[in-house]
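This is the structure I have questions about; it appears just below.
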Amino acid sequence: MTDVRPSQQMRDLGVVQHGAGILAERARAFDLPAERDEAERITDELFTAMERIGQVHPFAKGMGIAAPQIGIARASAVVQPPGDAPAIILLNPRITTRSEEMDEQHEGCLSFFDVRGLAPRPLKITVETTALTGEAVTTVYERGLARLIHHEIDHLDGLLYTSRMLPGVEPIPVDEYRQTGRAWTYEEA
């Protein structure tokens, strides 16, 4: 039996892979509440994809998925924090403030799951989203959750975490990453 590369496994699960044009484009915002049904449909598709992926790969540190990663160029993402915390739905998310204090940790991405990359991110971000009713909602996220949310918002802006990596830093193969012992946890990141 041949081992399937992690990126091929994600492709087989319906995750758009690195190099696809949709991952480099800014996702189109929803006009809420007018597009409520569309936003709910896409959010349901994201949850279905997350469930499918979670059955094959455990995500102890939490996970997220953005609509472009399932081939939909709309500004929607879902983040599942680790543990029993409820999922976070992001519609039209926009980072309004970010802390000066940064943290550099390895990140992975469902859209190129064969590697991990050391990316700096702010330890605290304030995010404005749009509720299905059209109201603006502002939430502050910190540490590991801020990293997860920021990563997904980047997807909606057409950015991958590699664009956040410092010059001269390259992603490393996932097997090499596992040997570093540098895995971050939600609590400490």
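Got the relative contact order for segment 84-169 handy, in percent, Cα pairs under 8 Å and 6 or more residues apart?
Once normalised by length, the contact order is 29 percent.
Using a Förster distance of 30 Å, how high is the FRET efficiency between residue 57 and residue 34, based on the Cβ-Cβ distance and rounded to 0.05?
Here the calculated transfer efficiency is 0.25.
Please return the longest range in the chain lying between exposed loop sites, taking GluC sites (Glu not before Pro), DSSP loop only, at most 14 other beta-carbon atoms within 10 Å, and leaving the sites out.
Numbers: sites that count: 25, 100, 101, 135, 187, 188.
Formally, the longest exposed-site-free interval is 26-99.
While we're here: Using a Gaussian network model of the chain whose springs link C-alpha atoms within less than 10 Å, name the residue from 65, 88, 22 with the highest mean-square fluctuation.
Taking springs between Cα atoms under 10 Å, the residue moving most is 88.
Provide Rg over Rh for segment 1-94; use the alpha carbon set for both Rg and the Kirkwood Rh (inverse mean inverse pair distance).
Checking Rg against Rh, the ratio lands at 0.99.
Taking only C-alpha pairs under 8 Å that are 6+ residues apart, what is the relative contact order of the chain in percent? Walk me through the numbers before you get to the answer.
Numbers: 369 pairs, mean separation 46.3, N = 189.
24 percent.
Strictly greater than 31 Å: what percent of every Cα pair in the chain meets that? Walk me through the numbers before you get to the answer.
On the way: 2107 of 17766 pairs.
Value for the chain (Cα pairs over 31 Å): 12 percent.
If you don't mind, there's one more thing I want to ask. Given contacts defined as C-alpha pairs under 8 Å and at least six residues apart, what's the relative contact order of segment 21-124, whole-number percent?
Dividing the mean separation by the residue count of segment 21-124 yields 22 percent.
Would you mind telling me which residue in 103, 84, 157 has the biggest mean-square fluctuation in a Gaussian network model of the chain, where springs connect alpha carbons within a distance under 10 angstrom?
84
While we're here: Of the residues 91, 156, 132, which exhibits the maximal mean-square fluctuation in a Gaussian network model of the chain defined by a 10 Å Cα contact cut-off?
It is 132.
Per the 1.4 Å probe, what fraction of the accessible area of segment 17-114, in percent, lies on carbon and sulfur atoms?
Heavy-atom surface of segment 17-114 belonging to carbon and sulfur, 1.4 Å probe: 49 percent.
Any idea how far apart residue 137 and residue 162 come out in nm if each label point goes 7 Å out from Cα toward Cβ?
In this crude spin-label approximation the distance works out to 3.4 nm.
Using a 1.4 angstrom probe, figure out how much accessible area segment 110-149 has per residue, in square angstrom, rounded to the nearest whole.
So segment 110-149 comes to 34 Å² accessible per residue, rounded to a whole number.
If the only charges are +1 at each Lys and Arg Cβ and -1 at each Asp and Glu Cβ, what is the size of the charge dipole of segment 1-123 around the Cα centre, to the nearest 20 debye?
200
Run the simple label-point estimate for residue 99 and residue 169 please: 7 Å along Cα→C-beta, distance reported in nm.
Between residue 99 and residue 169, the simple spin-label model gives 1.7 nm.
The values are calculated or read from the model by the stated rules, or taken from the named source; none is laboratory data. None of the values given here were measured: they were computed from a predicted structure. We place every Cβ from the backbone using ideal geometry, glycine too, and count neighbours over all the protein chains shown. Ligands, DNA and RNA are stripped out before the accessible areas are found, and what is left, the full protein with its side chains, is counted by its heavy atoms. Shrake-Rupley method; radii C 1.70, N 1.55, O 1.52, S 1.80 Å.
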